[in-house]
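Down below is the structure, laid out as structure tokens.
The values are calculated or read from the model by the stated rules, or taken from the named source; none is laboratory data. None of the values given here were measured: they were computed from a predicted structure. Cβ sites come from the backbone with ideal geometry, for glycine too, and all protein chains shown count toward neighbours.
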């Protein structure tokens, strides 16, 4: 990590836009499980953004690290395949 960096706060992000539905579909496919997701409107803001994609630029500049693995590869690793 670059100690001389002036960055004091860094969001950890791949910089890739992912849909929750796609994430759940990947998990179902890898595990053979079927999930039922129920949306509870009490937990959603009226002005909720439909898409949010964080930039990974500051993290990459501060640490020199950039994400190289897809969400599917990450799940494989997490599930110990």
**Request:** Go through (1) at pLDDT 90 or above; (2) more than 25 Å from residue 12 (Cα to Cα) and name the single condition residue 46 misses.
**Result:** (1)
**Fill in**
Among the residues of the stretch 46-81, the number that are surrounded by fewer than 10 Cβ atoms within 10 Å (Cβ to Cβ) and touching a helix residue (DSSP H, G or I) at 6+ places or on another chain (Cβ under 8 Å) is 1
**Asked** Just to be sure, is residue 4 within 24 Å of residue 78 (Cα to Cα) and either part of a helix (DSSP H, G or I) or modelled with pLDDT under 85 (or both)?
**Response** no
**Asked** For the stretch 62-75, which residues satisfy the criterion of being over 29 Å from residue 29 (Cβ atoms) and modelled with pLDDT of 85 or more?
**Response** 63, 64
**Request:** Can you confirm whether the stretch 37-45 contains a residue that is surrounded by 12 or more Cβ atoms within 10 Å (Cβ to Cβ) and part of a loop (DSSP other than H, G, I, E, B)?
**Result:** no
